[in-house]
Amino acid sequence: MIQEITKYPTTPSLEFGANVRHFNEELFTLIQDLKDTMEANSLNALAAFQITSPLSVIVVKKDDDEFLELINPRILTREGKVTPTETTAYFPGLSAKTNRYEKIKVMYEDRGANQQFLEADGDLSITIQRKMDYMYGSNFRVRLDEEEQKVFDSKLEFGTDSITQNDCPTVFKRDRLLQLFKFLFVAALFGTVSKFFVSEETLSTVISIENYAMISLLILIVIYFFYAQYEGKQYEHCTSCQIGNIIGTSVIALVKLSVLFLVNYFLLW
C-alpha cells in the first residue's frame with residue numbers, strides 16, 4: 001500500500017531504527033509498502049522511518065529494477081571519501097554536497113532472517129549510507145561541512161534549491177526595482193517639464209498623471225526597502241553591509257522623490 005512520505009520538519013529520532021525481531025507478515029507488509037511508495041513517487045530507495053515505521057529496514061531499487069531488502073543493516077567497513085551532491089524525499093526539491101565513504105561493507109538480514117553481506121560502492125554505497133542516517137535519528141544534513149550547512153540552511157529557510165553560496169552576489173533581484181524606479185522618475189521629470197509647454201486643457205491631465213507617478217514611486221521605495229532586506233537574509237556573510245546599503249539607497253530615493261514633489265508643489269501646482 002502506498003504510504004505518505006515523512007518530510008522535514010518532522011525530526012528523526014532514536015526511537016526509529018529498532019531491530020527487527022519478528023520476521024512475519026507485519027514485516028513483509030512494511031517492505032511491500034516501501035516498494036509501493038517508491039514506485040508511486042519514482043524513488044530509488046526508502047527507509048522505514050520515511051513511512052513512519054520504527055523498524056530498521058531499508059529497500060533499495062537496483063539498476064536492474066530488482067529490489068534489495070536490507071533488514072537490520074550495519075556497516076562493517078568503510079573505504080575512501082567522496083563528496084556527492086545528494087537529494088532526498090525528506091527534503092523535497094533540495095540538494096546538498098555531502099561527505100560519504102566511497103565503499104562500504106554491510107551486514108544485514110534478508111526476509112528469511114538469514115545473515116547476508118554486501119559490498120557496495122558508487123551510487124549504491126551513497127544511497128545505503130543516506131538511508132542508514134535515518135536509523136540513527138539523523139539525516140544527511142549532519143554529513144555537510146560547516147560552509148555547506150550554512151548554504152543548505154538558507155535553502156531550507158527560503159524553500160529553494162537555487163541558493164549556491166552565502167557570499168554577497170554582485171547582482172540582486174531587487175536591482176530590478178531600482179531600475180523601475182529610475183524609469184518612472186525620469187518619466188515624472190519629463191512630465192514636470194512638459195507642464196510648461198501644454199495647453200490649459202491638457203495641464204490637468206498631466207498633473208493627474210504626475211501625481212499617480214509620484215505615488216507609484218513612493219510605493220516602489222517601500223517595496224524595495226522590505227524586499228531588499230528579505231533577499232539579503234539569504235547571504236549571511238554580508239548582512240550588515242547590505243542593511244547599510246539598503247537604507248542608504250532607500251534614503252537617496254526618498255530625497256529624489258521629495259525634490260520632485262517640492263518642484264511640482266511650489267512651481268507648478
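Would you mind stating whether F185 is closer than 30 Å to G159 by Cα, crowded, with 17+ Cβ neighbours inside 10 Å and modelled with pLDDT of 75 or more?
Values: closer than 30 Å to G159 by Cα: no; crowded, with 17+ Cβ neighbours inside 10 Å: yes; modelled with pLDDT of 75 or more: yes.
When the stated conditions are applied, F185 does not pass them.
Counting just the residues of the range 113-130 that are part of a strand (DSSP E or B) and among the polar types (S, T, N, Q), which one comes out nearest to Q149 (Cα to Cα)?
Q116
If only one of S199, S194, S258 is among the small types (G, A, S) and either within 30 Å of N139 (Cβ to Cβ) or at pLDDT 80 or above (or both), which one is it? Steps first, please.
Numbers: S199 fails: either within 30 Å of N139 (Cβ to Cβ) or at pLDDT 80 or above (or both); S194 fails: either within 30 Å of N139 (Cβ to Cβ) or at pLDDT 80 or above (or both).
The conditions single out S258.
Of all the listed residues (N166, N139), the sole one being touching a helix residue (DSSP H, G or I) at 6+ places or on another chain (Cβ under 6 Å), under 29 Å from R74 (Cα atoms) and either polar (S, T, N, Q) or at pLDDT below 85 (or both) is N139. Cβ-Cβ distances below 8 Å connect the following pairs, each with a first residue in the range 181-194 that is more than 14 Å from S258 (Cα to Cα), a second residue that is in a helix (DSSP H, G or I) and of a type in the set (D, E), and a separation of six or more residues or different chains: G191/E210. Can you pull out the residues in the range 208-243 that are acidic (D, E) and modelled with pLDDT under 70? Answer for the range 208-243, where residues must be acidic (D, E) and modelled with pLDDT under 70: just E236.
The values are calculated or read from the model by the stated rules, or taken from the named source; none is laboratory data. Worth saying up front: this structure is predicted, and the values here are computed from it rather than measured. No Cβ is skipped: glycine too gets one built from the backbone with ideal geometry, and neighbour counts run over all protein chains shown.
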